[in-house]
Amino acid sequence: MTSAEAASKHERVRMHVEQMITQGLSPHEKLPTERDLAETLEVNRQTVRRALDDLEREGAVYRMQGAGTFVSAARISKSFELTSFSEDMRARNMRPGSKSVEVGVEAAGQTTGYALNLSPRDDVVRVRRVRTGDDIPICLEASSFAAGSVPGLEDGIIGDSLYDDLRSRFGLVAVRADQEIHAIVLDEAQAAALDTPPFSPAFLVKRTTYDARSRPIEYAESVYRGDRYSYQLSISRP
Ligand code: 16G
């Protein structure tokens, strides 16, 4: 067997298992044994093991000594395209939602003021939400807007998607964003809101979003559970 044939067999096993995960198996459900997979796919067990090793490294499955291989809890793989939380969830066939929505007018402060080209004392409308996918808390989000650009938003969001509301009520369309991603551990309040143990790892994403004329629209800080989110980059040589 050539090495190309070996590679394609192992790819085939991997695709087969990925399909089983996306098309039917639930998180923490057990996969067929290595022996069963080898028989079904007519490959040797070593090939199956290699494919499962890859999937384990990527976090799609986990193994438990003596018990077998199981499907990991779903991770939302986020690409670097400008999408809304609702779009991210729908792309994963998950139902987007929000909990504990708080909307208020506050002074911008240094960071938000700088991002939105405002003075720290100017008013912003700040929207704080716990974002959910299939009712599971995934992200804690605080989004701020110059108060003058979103009259009436302080009374609440219409619908669940802020980006849809911004577009339909205020004609604000996000076309580009600058993002910074930080690794953090959740403090107790963040962990409680995200229904996860304190000091769990998370991503803090700071995002300034611009309209087509490069005017800043939104400054947002989003905290994503590390066990539920991953970032995917496609890179090439310059
Ligand atoms: C994303 C954005 C956030 C935006 C939200 C709108 C990042 C890091 N953040 O979570 O800035 O406010 O989407 O989502 O991507 P919505 O339209 O579902 O409310």
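Read-outs: derived from the displayed coordinates by stated rules, not from any lab. Everything numeric in this text was worked out from a predicted model, so none of it was measured. Cβ placement follows ideal geometry from the backbone for every residue including glycine, while neighbour counts extend to all protein chains displayed.
Here are the numbers for this structure:
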{"item": "Spatial separation of Cα centroids for the stretch 160-235 and the stretch 24-101, in angstrom", "result": "24"}
{"item": "Lys, Arg +1 and Asp, Glu -1 on Cβ, resulting dipole of the chain about Cα centre, debye, nearest 20", "result": "500"}
{"item": "Neighbourhood net charge (12 Å Cβ-Cβ; Lys/Arg +1, Asp/Glu -1) for Glu106", "result": "-1"}
{"item": "Inter-label distance, nm, simple model (7 Å from Cα along the C-beta direction), Val175/Ala192", "result": "4.4"}
{"item": "Extension gain (nm, one decimal) between Arg215 and Ala183, 0.36 nm per residue minus Cα-Cα", "result": "8.7 nm"}
{"item": "Exposure proxy ranking, count of Cβ atoms within 10 Å, fewest first, for Met20, Met64", "result": "Met64, Met20"}
{"item": "Most positive-pole-ward Cα, Leu41, Met64, Val17, against dipole of the stretch 3-71 from beta carbon charges", "result": "Met64"}
{"item": "DSSP-defined beta bridges in the chain - what % are antiparallel, rounded to 5", "result": "95"}
{"item": "Cβ-based exposure ranking for Phe85, Phe70, in which fewest neighbours within 10 Å come first", "result": "Phe70, Phe85"}
{"item": "Ordering of 179-191, 118-130, 226-238 by packing [mean C-beta count within 10 Å, highest first]", "result": "118-130, 179-191, 226-238"}
{"item": "Rg(Cα)/(2.2 N^0.38 Å) for the stretch 36-119, N = residue count", "result": "1.86"}
